[in-house]
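These notes are about the structure you will find just below.
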Amino acid sequence: MPELDFAFADPAGHRAVKAFTRLVRTAGRGSHQISVVAVEGEGSAYHASCTVSVDHEDRVRYCPERAVDVVVVFRAAFGVAPVIGAGVLVRTLTEEGSRVQGWRLQGQWLTPLSEGEIFDAACTGPDGDVQPPEYGVTYAAGTPLGPPPLV
């Protein structure tokens with residue numbers, strides 16, 4: 001996958017671009033909905049999502065404006081804003097079915113969530129009530145993204 005066509009001069013921005021790129025590479029072939037949220041101390045939140053498609057020839061397609069939105073939220077989470085928590089979910093659709101994976105911000109990088117943590121997050125409604133799992137969806141542990149980039 002080629003790098004995004006934009007860059008930030010600060011370390012948080014560089015890390016944000018790398019996080020987006022590694023998520024797409026890790027997701028592999030298929031259609032992926034990448035959703036990221038970062039919560040500030042006073043309760044306000046940043047949220048963005050982007051659909052990325054990777055075909056059988058590993059060609060990557062995405063809306064650049066939506067990708068920038070996701071990277072900006074990552075940038076906030078990686079130190080530009082006073083964020084107290086952040087996470088990302090990737091829903092992948094392939095010929096084999098649907099899979100949901102997730103990561104949380106830990107330190108200055110993304111750490112994979114376990115299968116149980118993803119299941120709990122996906123099956124808990126906004127009011128805290130338990131919701132049934134979606135039919136045909138696999139809730140999988142996040143794939144390690146490797147060490148954070150050196151900046």
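The values are calculated or read from the model by the stated rules, or taken from the named source; none is laboratory data. Remember, predicted model here, so these are calculated numbers, not experimental data. Cβ sites come from the backbone with ideal geometry, for glycine too, and all protein chains shown count toward neighbours.
Quick look at the values:
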{"read-out": "Matching residues, region 18-35, being at positive phi and outside any strand (DSSP E or B)", "value": "28"}
{"read-out": "Residue among 65, 117 that alone is among the charged types (D, E, K, R) and either part of a strand (DSSP E or B) or within 22 Å of residue 146 (Cα to Cα) (or both)", "value": "117"}
{"read-out": "Yes/no for residue 104 being within 23 Å of residue 122 (Cα to Cα), modelled with pLDDT of 90 or more and either among the aliphatic types (A, V, I, L, M) or assigned to a strand (DSSP E or B) (or both)", "value": "yes"}
{"read-out": "Candidate set from region 85-97 (those that are in contact with a strand residue (DSSP E or B) (Cβ under 6 Å, 6 or more places away or on another chain) and surrounded by fewer than 17 Cβ atoms within 10 Å (Cβ to Cβ)); member that is farthest from residue 37 (Cα to Cα)", "value": "94"}
{"read-out": "Some residue of region 69-84 being part of a strand (DSSP E or B) and of a type outside the set (Asp, Glu)", "value": "yes"}
{"read-out": "Looking only at region 1-17, and only at residues there that are small (Gly, Ala, Ser) and in a helix (DSSP H, G or I), the one that is modelled with the highest pLDDT", "value": "16"}
{"read-out": "Qualifying residue in region 18-28 (condition: surrounded by 15 or more Cβ atoms within 10 Å (Cβ to Cβ), at pLDDT 95 or above and polar (S, T, N, Q))", "value": "no"}
